[in-house]
Amino acid sequence: MTRRVLTVAGAQMGPVLRADSKAATVARMVDLMRQAAGRSCDLIVFPELAMTTFFPRWFIEDQAELDSFYEFTMPSAETQPLFDTARECGIGFHLGYAEVDGEHRFNTAILVDKTGEIVAKYRKIHLPGHAENEPDREFQHLEKRYFEVGNLGFPVWNTMGGKLGMLICNDRRWPEAFRVLGLQGVELVLIGYNTPTLNGHAFEPPHLRIHHNLLTLQAGAYQNGCWVVGVAKAGYEDGVHMMGSSAIVTPNGEIAALASTLEDELIIADCDLDAGAYIKANIFNFAAHRRTEHYGLIVETTGTVEPQGT
Ligand code: CDT
């Protein structure tokens, strides 16, 4: 049998500042893409909201400024170099960006294949934070203000020789998000994230924050027998320190590659898409072993969660 191996680069990005032009950031990303292609990668994965600072950390009243963080078309003049480089170098890419679709705004990720065609789109479903300005906070987390909950579900695409899915940042903390992909046989999950190193409203030491990040990536991978590529925006971004720890995780939940800086850095792994098949066929053989008929009962008997109906 031919081995189905995708060589994947996670392109961790150091800070992208409010003052940086999108053109300059895209040039940085093109450089990372050329480096990845030079190292024989099939696919490069960029972070959530890769081309701008993580703008939900501010309450922004000036609509023109707010709009400047979004993409109204994809590709656009500013993002076209990513598509051109993908086609020229024969490398696919995953890109997180703020999307405007008519009256609607989403926190979105797309997958572009080696010919430069958009083959998949996912819109973030678990939006953390709050919708109103909370001036007492050290920094805001206004994703609930700036984005709607994604309306495309959790699809899996047959593309690039495998079954690929996407989650965005906070989605990775929810096992059910991973499981919906797992139930569709996903083999590789791509995840961009922006996570502050410090919790803005409760004490949580940085080592625990990093632990939680890796814990969710590793558990999601093992429990669904799939590769997971988690890619951060890292370092001091406009005064807020962002966690790095970008990682590529095997279907056994082991870390195959881990970022060692808080800067632009490629982490690379050869992802054998069949490596999780024995997990899917055995310990997490859903058809043979899942007991969905009991899960509702567990929720009711704990008394901690109101039954939500069917
Ligand atoms: N971007 C994003 O979703 N960030 C959140 C920070 C929430 S603080 C726990 C995350 O889950 O990483």
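The values are calculated or read from the model by the stated rules, or taken from the named source; none is laboratory data. Since we're looking at a predicted model, the values are computed, not measured. Cβ placement follows ideal geometry from the backbone for every residue including glycine, while neighbour counts extend to all protein chains displayed. Only protein heavy atoms, including side chains, enter the accessible area calculation; ligands, DNA and RNA are left aside. Shrake-Rupley method; radii C 1.70, N 1.55, O 1.52, S 1.80 Å.
Of all residues in segment 142-159, count the ones that are surrounded by fewer than 19 Cβ atoms within 10 Å (Cβ to Cβ) and either under 19 Å from Ala177 (Cα atoms) or not hydroxyl-bearing (Ser, Thr, Tyr) (or both).
Selection size over segment 142-159: 10.
Which numbered condition trips up Arg137, out of (1) buried (at least 21 other Cβ atoms within 10 Å of the Cβ); (2) at pLDDT below 95?
Here Arg137 clears every test but (1).
Given Ala23, Ala37, Ala27, which one is open to solvent by 10 Å² or more (accessible area, probe 1.4 Å) and in contact with a Cys (Cβ under 8 Å, 6 or more places away or on another chain)? Break it down stepwise before answering.
Details: Ala23 fails: in contact with a Cys (Cβ under 8 Å, 6 or more places away or on another chain); Ala27 fails: in contact with a Cys (Cβ under 8 Å, 6 or more places away or on another chain).
When all the criteria are applied, what remains is Ala37.
Take segment 155-164 and flag every residue that is without any contact (Cβ under 8 Å) to a residue 40 or more places away in the chain and either out of contact with any Gly (no Cβ under 8 Å at 6 or more places or on another chain) or within 16 Å of the ligand (Cβ to nearest atom) (or both).
If the condition is that a residue be without any contact (Cβ under 8 Å) to a residue 40 or more places away in the chain and either out of contact with any Gly (no Cβ under 8 Å at 6 or more places or on another chain) or within 16 Å of the ligand (Cβ to nearest atom) (or both), then Asn158 is the only one that fits.
Of the numbered conditions (1) within 16 Å of the ligand (Cβ to nearest atom); (2) under 30 Å from Arg87 (Cβ atoms); (3) more than 19 Å from the chain's Cα centre (by Cα), Glu117 fails exactly one; give the number of that condition.
Among (1) within 16 Å of the ligand (Cβ to nearest atom); (2) under 30 Å from Arg87 (Cβ atoms); (3) more than 19 Å from the chain's Cα centre (by Cα), Glu117 violates only (1).
For the condition buried (at least 21 other Cβ atoms within 10 Å of the Cβ) and over 13 Å from Tyr97 (Cβ atoms), what is the one hit in Leu17, Leu43? Quick ask: steps written out before the conclusion?
Values: Leu17 fails: buried (at least 21 other Cβ atoms within 10 Å of the Cβ).
Testing whether each residue is buried (at least 21 other Cβ atoms within 10 Å of the Cβ) and over 13 Å from Tyr97 (Cβ atoms) leaves just Leu43.
Does Thr85 count as surrounded by fewer than 20 Cβ atoms within 10 Å (Cβ to Cβ), hydroxyl-bearing (Ser, Thr, Tyr) and away from the ligand (no atom under 16 Å from the Cβ)?
Numbers: surrounded by fewer than 20 Cβ atoms within 10 Å (Cβ to Cβ): no; hydroxyl-bearing (Ser, Thr, Tyr): yes; away from the ligand (no atom under 16 Å from the Cβ): yes.
The answer is no for Thr85.
Filter segment 32-51 for residues that are within 26 Å of Tyr236 (Cβ to Cβ) and either free of Cβ contacts under 8 Å to residues at least 24 places away in the same chain or within 16 Å of the ligand (Cβ to nearest atom) (or both) and give the result.
Val45, Phe46, Pro47, Glu48, Leu49, Ala50, Met51
Answer yes if at least one residue in segment 174-186 is within 18 Å of the chain's Cα centre (by Cα) and near the ligand (Cβ under 9 Å from one of its atoms), and no otherwise. Lay out the reasoning, then the answer.
Here is the first cut: in segment 174-186, the residues within 18 Å of the chain's Cα centre (by Cα) are 174-182, 186.
Right, trim to near the ligand (Cβ under 9 Å from one of its atoms) and you get none.
Scanning segment 174-186, I find no residue that is within 18 Å of the chain's Cα centre (by Cα) and near the ligand (Cβ under 9 Å from one of its atoms), so the answer is no.
Mind checking which helices (runs of 4 or more DSSP H) fall wholly inside segment 189-304 and carry at least 3 residues that are at pLDDT 95 or above, within 16 Å of the ligand (Cβ to nearest atom) and surrounded by 20 or more Cβ atoms within 10 Å (Cβ to Cβ)?
Working: elements: 206-224, 277-281, 286-289, 292-302.
Fully inside segment 189-304 and qualifying: 206-224.
Among the residues of segment 52-68, which ones are outside any helix (DSSP H, G or I), within 16 Å of the ligand (Cβ to nearest atom) and in contact with a Leu (Cβ under 8 Å, 6 or more places away or on another chain)?
Residues of segment 52-68 outside any helix (DSSP H, G or I): 52-54, 58-62, 68.
Next, only the ones that are within 16 Å of the ligand (Cβ to nearest atom) stay: 52-54, 58.
Residues satisfying the conditions are Thr53, Trp58.
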